[in-house]
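Below is one structure, written out as structure tokens, with a few remarks after it.
The values are calculated or read from the model by the stated rules, or taken from the named source; none is laboratory data. Bear in mind that the values here come from a model prediction, so they are computed numbers and not experimental data. When we count neighbours, we look across all protein chains shown, and the Cβ atoms used for this are built from the backbone with ideal geometry, even at glycine.
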Amino acid sequence: MARYKIWDKVEDIYTLGVDPKTGKSHWTASEYITAQAPWAAIPTVKVIIGGGAINGTVFMEYGATVEFYKSQGVEITDDMTVEQVLAAIEQFEDNPPSAEASAEERIAAALEFQNLLNL
């Protein structure tokens with residue numbers, strides 16, 4: 001099952017916790033838009049939600065999310081479908097790039113190793 005999907009703005013939203021103001025963890029689409037995310041009512045806005053039974057684990061605006069992941073290094077192109085973009089984001093989260101050690105970190109590790117050899 002996919003981790004993310006585009007919300008059709010009709011499907012009910014289920015959250016992990018209970019909202020402290022309303023005492024709700026199950027929302028109809030219109031209730032959720034009214035109480036939690038009025039911006040989601042904009043017709044041109046795409047909303048990413050969780051792909052599982054508890055779909056309110058994430059609730060993100062598609063355009064901003066794509067730009068964020070592009071800045072993190074996810075290869076997203078204009079010719080990709082929404083499903084391909086979401087799959088690329090999931091792939092990136094599952095297999096993040098490993099950070100290369102800086103020169104300072106390598107020097108510190110070498111000095112630590114020398115100290116261990118001298119013991």
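Working only within region 61-85, note down all residues that are out of contact with any helix residue (DSSP H, G or I) (no Cβ under 9 Å at 6 or more places or on another chain) and within 26 Å of residue 15 (Cα to Cα).
Passing the criteria: 63, 64, 67, 68, 83, 84.
Residue by residue, here is whether (1) of a type outside the set (A, V, I, L, M); (2) at pLDDT below 95 holds:
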{"residue": "29", "(1), (2)": "no, no"}
{"residue": "49", "(1), (2)": "no, no"}
{"residue": "72", "(1), (2)": "yes, yes"}
{"residue": "92", "(1), (2)": "yes, no"}
{"residue": "105", "(1), (2)": "yes, yes"}
{"residue": "112", "(1), (2)": "yes, yes"}
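Anything in region 1-32 that is over 22 Å from residue 89 (Cα atoms) and in contact with a Lys or Arg (Cβ under 7 Å, 6 or more places away or on another chain)? List them, or say none.
18, 29
Of the residues 63, 73, only one is within 24 Å of residue 49 (Cα to Cα), touching a Pro at 6+ places or on another chain (Cβ under 8 Å) and not polar (S, T, N, Q); which?
The match here is 73.
Would you list the strands (runs of 3 or more DSSP E) that sit entirely within region 1-104 and hold 3 or more residues that are surrounded by 10 or more Cβ atoms within 10 Å (Cβ to Cβ) and touching a residue at least 24 places away in the same chain (Cβ under 8 Å)? Before you say what the answer is, go through the steps one by one.
Details: elements: 4-6, 47-50, 59-61.
Result: 4-6, 47-50.
Quick one: would you say residue 112 is acidic (Asp, Glu), free of Cβ contacts under 8 Å to residues at least 60 places away in the same chain, assigned to a helix (DSSP H, G or I) and at negative phi?
On the way: acidic (Asp, Glu): yes; free of Cβ contacts under 8 Å to residues at least 60 places away in the same chain: yes; assigned to a helix (DSSP H, G or I): yes; at negative phi: yes.
So residue 112 passes the test.
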